[in-house]
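A short worksheet on the structure shown next.
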Amino acid sequence: MKPITKHELRRIKKQVAQLRKKGHEVWTDDEVEKEGFSVQEPPQRPALDYVVPQARQQSDWDCGLACARMVLTALGLPEDECSFELLRSRLASTEVWTIDIAYLLAE
């Protein structure tokens, strides 16, 4: 089996979501394997190995963005690729709820 690309995984996840809406009991992992791909887990690092830089909130409502930014930079994303401005621009509205952060991180 070959490792799955992000693009292929997104495509399969969309197919699985559509099938589930129709009442089918399907699982992403099974569908990935059916198509000849494998999902390889990244090597695990002890939590103490991560250096989490502090990101202060810019407003009283953007604690989720600050947390997302800290996680993304700790995982190695350059700070200019996860600035508050960039993260905010990827949101659908000016109100930020937990689900908005989940969608933001899923991208």
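No value in this document is a laboratory result; all are computed from the given coordinates. Fair warning: this is a prediction, and the values are worked out from it, not measured in the lab. Heads up, the Cβs are rebuilt from the backbone with ideal geometry, glycines too, and the neighbour counts pull from every protein chain shown.
Using a simple spin-label model with pseudo-atoms 7 Å out from Cα toward Cβ, Arg11 and Leu86 lie 2.7 nm apart. Put a dot 7 Å past the Cα of Ala74, heading toward its Cβ, do the same for Thr28, and the two dots end up 2.1 nm apart. Sorted largest first, the spans of the alpha carbon positions of segment 8-78 along the three principal axes are 44, 31, 18 Å.
Mean-square fluctuations from a GNM of the chain, with a 10 angstrom spring cutoff on Cα atoms, peak among Pro78, Pro43, Pro53 at Pro43. Between Arg56, Arg90, Arg20, the residue with the greatest mean-square fluctuation in the GNM of the chain (Cα pairs under 10 Å linked by springs) is Arg20.
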